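Here's the structure, in structure tokens; my notes come after.
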Amino acid sequence: MHNLFSEGESRIVRPPSTALVIFGASGDLTHRKLLPALYNLYCDDYLPVNFLIIGASRTRLSDQDFRDSARESVASYSRRELDSEKWAGFSKNMYYQPTDASKESDISELGKRIEALCQGCHRDFNYLYYLATAPRFFAPISANLKKAGLVEDPEQGMRRTSLIVEKPFGHDLESARELNAKLRQNFAESQIFRIDHYLGKETVQNILVFRFANGIFEPLWNNKYVDHIQISFAESIGVGSRASYFDRTGILRDVVQNHLFQILSLLCIEPPISLSDPDSIRDEKVKVLRSVRRLNKEEVAARVVRAQYDKGYINGEPVPGYLQEDGINSGSRAETYVAMRIEVDNWRWSGVPIYIRAGKRLPRRITEITVFFKRPPGMLFRGRQVYDLDYNVLAIQVQPEEGISLRISAKPPGPRLRVEPVIMNFTYGSSFGVPSPEAYERLLLDAMKGDATLFTRDDEIEEAWGILTPVLEVWKQDDAIPLYRYQAGSWGPLEADALLTASGHAWRKL
């Protein structure tokens, strides 16, 4: 079977021997995402020759119980069908250790189990800890790992020990700084891998290649030629089983601070010194976030729209409003939709509006980045029944289908001079003949290699929160800032459209 990673990647040496410890191993993330991703890496011959997967959580399970539940999860959620022979080879490296990670004694027992499983050669194994837990456990687990002697100095240790941390990473700037400080008490910054699965998506990674490997686009990637940019994140689902979490969080924290700001930083980045140096890329991403204009109270009211969905219809089926969802506070003011206009105040992007929108219970699931290039002068076509020339539009679709399209103007067949838009399309499936690997596959592989390029650094996290915390504070302090309503199945409140019409723009139809 053709490997689902690129041919160049397939020639890279496998990661060194790794013991992957998953805290929260009985949870949803582990079973829906991590275990299927690891199984696919095994089937593609990307896992280390010597690897261990050790599940750790408070649930009392045996090794075989863990393997059995993992098999069910892989059969349900893997992008490929479960192969019994492959599964046998994969699952023999899976183990489970009941662990209350808040107890130092349990972490010590976990360390002994890891050493025993490594058959006395544990110094030859790198240790990779994945915190698939609630954020309140991040600091205690990291501290207990350190106390148990399971964290080595990256400059002097005989093996690499690394920590993968899931979102949410803080809920505002102060909490993010506090969490960063607590983690750095036990792990060096170079050992901390803050994961955002959007950076594992092929189309997001392709932004840099698309810009810097194509001479026709990078010269146009600036305020001389770009009219405006839109970044849209739409979901047709409601809050579902995440009701309690989402009601405390809202969509600005849940999606914009991480996924969409990561897209923004890659889209607007300056050329890094090297694409093979993680900090070279992350340095430039931080510069973009630092250049984003912070909003004062008046600007929050004028440039940010928040809303909640009311009852409506999705795909012809009735759905309840947000306040009628199970587990939602009847007086909740958590936003399920947000639209905002931001500006990157640097030499390249000054004067280019960037519109971001994210919402639940919209008509369809889609994430798209859209670059609108400035219209050309139209005087050549006067008197020829050609009126306003349309924008050239570059659309990068992140999900559900990964691909890129370019809208240009062309003359249709016939004796008259007319101008009509035409679309040039590229999709991963049709161009390469295979579906893209899941995002977690690439990220887990990179973490095993110690490559932090696609992971978020501490200053990135803090800069992103620095942009949004003033917005959150204004919402909290000023009840006069409206929380608009929109019908489920619509594209959001009319007030979000007004953000764009004031500048002569309109949301792209998705």
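The values are calculated or read from the model by the stated rules, or taken from the named source; none is laboratory data. Note that this is a predicted model, so its numbers are computed, not measured. Positions of Cβ are generated from backbone atoms using ideal geometry, with glycine treated the same way; all protein chains shown enter the neighbour counts.
Numbers at a glance
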read-out: Residue match in region 444-465 (condition: over 30 Å from Ser190 (Cα atoms) and out of contact with any Asp or Glu (no Cβ under 8 Å at 6 or more places or on another chain)); value: no
read-out: Output for region 186-207, where each listed residue is buried (at least 17 other Cβ atoms within 10 Å of the Cβ) and aliphatic (A, V, I, L, M); value: Ile192, Ile195, Leu199, Val204, Ile207
read-out: Residue pairs meeting the criteria (Cβ under 6 Å; at least 6 apart or on separate chains; first under 18 Å from Leu499 (Cβ atoms), in region 469-484; second among the β-branched types (Val, Ile, Thr)); value: Val471/Val300; Val471/Val304; Val474/Val300; Trp475/Ile481
read-out: From the options Arg416, Arg457, Arg407, residue that is surrounded by 15 or more Cβ atoms within 10 Å (Cβ to Cβ), more than 24 Å from the chain's Cα centre (by Cα), of a type outside the set (S, T, N, Q) and on the phi < 0 side of the Ramachandran plot; value: Arg407
read-out: Number of the condition not met by Lys297 [criteria: (1) at pLDDT below 95; (2) charged (D, E, K, R); (3) over 30 Å from Leu323 (Cβ atoms)]; value: (3)
read-out: Hey, Glu441 crowded, with 22+ Cβ neighbours inside 10 Å, assigned to a helix (DSSP H, G or I), out of contact with any Gly (no Cβ under 6 Å at 6 or more places or on another chain) and touching a residue at least 60 places away in the same chain (Cβ under 8 Å) or not; value: yes
read-out: Condition met for Asn425 (touching a Phe, Trp or Tyr at 6+ places or on another chain (Cβ under 7 Å), at negative phi and modelled with pLDDT under 95); value: no
read-out: Selection status of Glu152, more than 23 Å from Asp451 (Cα to Cα), of a type in the set (D, E, K, R) and either touching a residue at least 12 places away in the same chain (Cβ under 8 Å) or part of a loop (DSSP other than H, G, I, E, B) (or both); value: no
read-out: Subset tally (residues that are surrounded by fewer than 16 Cβ atoms within 10 Å (Cβ to Cβ) and assigned to a helix (DSSP H, G or I)) for region 118-136; value: 3
read-out: Top-ranked residue of region 401-431 - restricted to ones that are part of a loop (DSSP other than H, G, I, E, B) and among the basic types (Lys, Arg), ranked as nearest to Arg365 (Cα to Cα); value: Lys411
read-out: Selection count, region 159-185, where residues are outside any loop (DSSP other than H, G, I, E, B) and crowded, with 17+ Cβ neighbours inside 10 Å; value: 10
read-out: Residues within region 211-233 that are more than 23 Å from the chain's Cα centre (by Cα) and assigned to a strand (DSSP E or B), tallied; value: 2
read-out: Count of region 83-105 residues which are buried (at least 17 other Cβ atoms within 10 Å of the Cβ) and within 18 Å of Glu441 (Cβ to Cβ); value: 5
read-out: Failed item in (1) within 30 Å of Gly157 (Cβ to Cβ); (2) surrounded by 16 or more Cβ atoms within 10 Å (Cβ to Cβ); (3) among the charged types (D, E, K, R); (4) in contact (Cβ under 8 Å) with a residue 60 or more places away in the chain, with Asp283 passing the rest; value: (4)
read-out: So Ser244, is it buried (at least 17 other Cβ atoms within 10 Å of the Cβ) and either touching a Ser or Thr at 6+ places or on another chain (Cβ under 8 Å) or in contact (Cβ under 8 Å) with a residue 12 or more places away in the chain (or both); value: no
read-out: Output for region 423-436, where each listed residue is aliphatic (A, V, I, L, M) and surrounded by 12 or more Cβ atoms within 10 Å (Cβ to Cβ); value: Val434
